[in-house]
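K.L.:
The following block contains the structure, expressed as structure tokens.
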Amino acid sequence: MGIKRKLLIVEDNIINRMMLEGILEPEYEVLSAEHGQEALDILKEHRNEISLILSDIMMPVMDGYTFMDRLREDPELSLIPVIVMTQGNSEEDELAVLDHGAADYLPKPYRPKIILHRVANLIKLRESAAMINQLQYDRLTRLYNKEFFFKKVQERLAQDPNGEYVIVGSNIENFKLVNDVFGRKEGDRVIQEVADIIAATIGSDGICGRFEADRFVMLQRKDKEQADRRNVNFNMTGVSSQLKNVTMRWGIYEISDRTVPVDSMCDRAFMAASSIKNQYSRFFAVYDDSLRNKMLREQSITSVMDKALEEKQFLVYFQPKYDLRTGKAAGSEALVRWIHPEWGFMSPGEFIPIFERNGFIPKLDQYVWERICMRLKQWKDTGCPLHPVSVNVSRADVFQVNLKETLVSLTKKYDVDPALLHIEITESAYAETPNQIIDTVSALREAGFIVEMDDFGSGYSSLNMLSSMSLDIVKLDMKFITNELAKPDDKSLVGDLIAMAHRIKLKVVAEGVETKEQVERLKTLDCDYVQGYYFAKPMPADEYEALIRVNEPKD
Ligand code: C2E
Ligand code: MG
Ligand code: MG
């Protein structure tokens, strides 16, 4: 036997009540009330436990009709089936009772077997309906689950063939982190709060669901969604007291072609949302075909990258760096290129960000570092003048590769002086995770490598960063150089920056130098090195080797 279900009897006549209790108590746990008001009070406490109500009609304080009306006003209580038991047995009485929402009607006097049957059947019916109900809703948020959301959307689109709708897909940025830091329970709470906000925002006309984890979807009318975009607090700061910064990104798919399956519509909405992941100021993205092509391109790049590395499709180019005082090449930066058999020449601007997202970058970078060490050894063995080569290090390398160990073992393997290897770490990596980077940089410098901060001035800059860290070289970003050198001397920051860097014993490289005027200005500002198209573009290794073997001063 399972647990006993709970029933509530509402009956003012004590004899009737006792008779009913006598019939039901062997199989059920029975609570009793003398009138509607008392029954409502009991329900306040036991609303989730009561499986069925048996109620009289004529009662003092609150009669059965009023009681049933009150039940119907409450969405949860209205789900509890009510059997009405009265003296009257006319068709009118029965209809009046059913009209007020009763599930069944039994005239007195009581017939125990019939009562037990009806009660059992109604409870069974209600529980199977509740099961279906549960399957439709997501347990945590009470939003629709995936399958049911699809179904509801299909129904709505069929009912309203001319309506203009959008599907909005959204997730909580870095939700995994919320779970990791605050625990699952708090994570669940955030999801519930976000679900409440979403449900309230889209209103009764919209349809919303939760897929797995932190992925929410909505169907909304197009004009309503556009209005919401202006109102919603995108950065849901303070959603939860403990969480200061819950950020949502919203991807919007405008439904124009209704033959697209609803699940693909949702995929596209999510695709749009993930296209703006980690961007500081963009919270909305609308799906279009160019986005789709971009994502498809990203997928195809991801699917061929391993093979490309195996087949040595990646080539390392060298862009010379010039010493401004002597005018001679004094080193170079290694820049990777991808020569794909079908797609042809590809620039790192296209594939590096993808590799940073999909986790391939450490593999490619280690390959590049090894190629550079091999080259340096070859130049040493063939008597070519040796100049340092800068290699780029992505943020993921710092976390996934033991940089110092890897680089030390490479320089040992190829018998390369670590001082010939310059390590470029981009400025944004310093800004985001200063402590790890500071440790890595010190370890690398102790091992004899030269460390450069790349892209300085590109947006995250803090002068404190330069002085709080032991570095060797700072590389001024191309955009910074272009913008600042276009200003008159007394307005430009370049001179001050160079002077400051020199005070803390840093050398300065200006990147992306394209004109003679820029070169002249940088000379007067005492810049140490320049790199840019004015002097040379990135070139294949053999070409670079020929250049340094001669190394005529430029300008
Ligand atoms: P970066 O490290 O800041 O490299 C400088 C970029 O500026 C290079 O673009 C270079 O070709 C370009 N450049 C240099 N002088 C000029 C100029 O005068 N005018 C113009 N318009 N551009 C100039 P590239 O080779 O396309 O590389 C882009 C970025 O890709 C690099 O920026 C770097 O962040 C990344 N990257 C390149 N190779 C690697 C690599 O092997 N590993 C990693 N992790 N990143 C790499
Ligand atoms: Mg660089
Ligand atoms: Mg740079």
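The values are calculated or read from the model by the stated rules, or taken from the named source; none is laboratory data. Note that the coordinates shown come from a computational prediction; the quantities given were computed from them, not determined experimentally. Note that each Cβ is placed from the backbone with ideal geometry, even for glycine, and that neighbours are counted across all protein chains shown. Calculation scope for accessible area: heavy atoms of the full protein, side chains included, ligands and nucleic acids excluded. Shrake-Rupley method; radii C 1.70, N 1.55, O 1.52, S 1.80 Å.
K.L.:
Identify the residue in the stretch 497-519 that is within 13 Å of ligand 1 (Cβ to nearest atom) and among the acidic types (Asp, Glu) and, among all such residues, is most open to solvent (accessible area, probe 1.4 Å).
P.N.:
GLU514
K.L.:
Condition test on LEU135, is it modelled with pLDDT of 85 or more and outside any loop (DSSP other than H, G, I, E, B)?
P.N.:
The answer is no for LEU135.
K.L.:
Also, I was wondering about something else. Name the residues in the stretch 348-364 that are within 15 Å of ligand 3 (Cβ to nearest atom) and farther than 13 Å from ILE301 by Cα, would you?
P.N.:
GLY349
K.L.:
Checking VAL97 against (1) open to solvent by less than 10 Å² (accessible area, probe 1.4 Å); (2) modelled with pLDDT of 90 or more; (3) farther than 19 Å from ILE14 by Cα; (4) part of a helix (DSSP H, G or I), which single condition isn't satisfied?
P.N.:
Condition not satisfied by VAL97: (2).
K.L.:
I'm trying to understand the selection: among the residues of the stretch 331-376, which are open to solvent by 30 Å² or more (accessible area, probe 1.4 Å), more than 10 Å from ligand 1 (Cβ to nearest atom) and assigned to a strand (DSSP E or B)?
P.N.:
ILE339, PHE345
K.L.:
Now a separate question. Could you tell me whether the stretch 165-174 includes any residue that is at pLDDT 85 or above and not in a strand (DSSP E or B)?
P.N.:
no
K.L.:
Can you give me the number of residues within the stretch 497-511 that are over 37 Å from the mean Cα position of the chain (by Cα) and not in a helix (DSSP H, G or I)?
P.N.:
5
K.L.:
Report, by residue number, each residue of the stretch 177-210 that is out of contact with any strand residue (DSSP E or B) (no Cβ under 8 Å at 6 or more places or on another chain), in a helix (DSSP H, G or I) and open to solvent by 20 Å² or more (accessible area, probe 1.4 Å). Steps first, please.
P.N.:
Quick first cut of the stretch 177-210, residues out of contact with any strand residue (DSSP E or B) (no Cβ under 8 Å at 6 or more places or on another chain) only: 177, 179-181, 183-185, 187-188, 192, 196-197, 200-201, 203-204.
Pick out the ones that are also in a helix (DSSP H, G or I) and you get 177, 179-181, 184-185, 187-188, 192, 196-197, 200-201.
Within the stretch 177-210, LEU177, ASN179, ASP180, VAL181, ARG184, LYS185, ASP188, GLN192, ASP196, ILE197, ALA200, THR201 qualify.
K.L.:
What about LEU386, is it touching a residue at least 40 places away in the same chain (Cβ under 8 Å), of a type outside the set (Lys, Arg) and more than 16 Å from ligand 3 (Cβ to nearest atom)? Reasoning before the result, please.
P.N.:
Values: touching a residue at least 40 places away in the same chain (Cβ under 8 Å): no; of a type outside the set (Lys, Arg): yes; more than 16 Å from ligand 3 (Cβ to nearest atom): yes.
So LEU386 fails the test.
K.L.:
Turning to a different aspect of this structure: Of the conditions (1) in a helix (DSSP H, G or I); (2) more than 30 Å from ILE53 (Cβ to Cβ); (3) open to solvent by less than 40 Å² (accessible area, probe 1.4 Å), LYS152 fails just one. Which one is it?
P.N.:
(3)
K.L.:
Name, by its number, the condition in (1) in contact (Cβ under 8 Å) with a residue 40 or more places away in the chain; (2) open to solvent by 40 Å² or more (accessible area, probe 1.4 Å); (3) basic (Lys, Arg) that does not hold for LYS108.
P.N.:
Evaluating LYS108 over (1) in contact (Cβ under 8 Å) with a residue 40 or more places away in the chain; (2) open to solvent by 40 Å² or more (accessible area, probe 1.4 Å); (3) basic (Lys, Arg) leaves (2) as the failure.
K.L.:
With the requirement that a residue be small (Gly, Ala, Ser) and either surrounded by fewer than 20 Cβ atoms within 10 Å (Cβ to Cβ) or in a loop (DSSP other than H, G, I, E, B) (or both), what does the stretch 316-329 give you?
P.N.:
Once the filter is applied, which keeps residues that are small (Gly, Ala, Ser) and either surrounded by fewer than 20 Cβ atoms within 10 Å (Cβ to Cβ) or in a loop (DSSP other than H, G, I, E, B) (or both), the stretch 316-329 yields only GLY327.
K.L.:
Restricting the first residue to the stretch 482-507 and requiring it to be over 23 Å from GLU424 (Cα atoms), which pairs with a second residue that is of a type in the set (Ser, Thr, Tyr) and part of a helix (DSSP H, G or I) meet a Cβ separation below 9 Å and a spacing of at least six or different chains?
P.N.:
Matching pairs, first to second residue: ASP489/THR524.
K.L.:
Which of the residues that make up the stretch 249-286 are in contact (Cβ under 8 Å) with a residue 12 or more places away in the chain, surrounded by fewer than 16 Cβ atoms within 10 Å (Cβ to Cβ) and among the acidic types (Asp, Glu)?
P.N.:
Residue satisfying the conditions is ASP263 alone.
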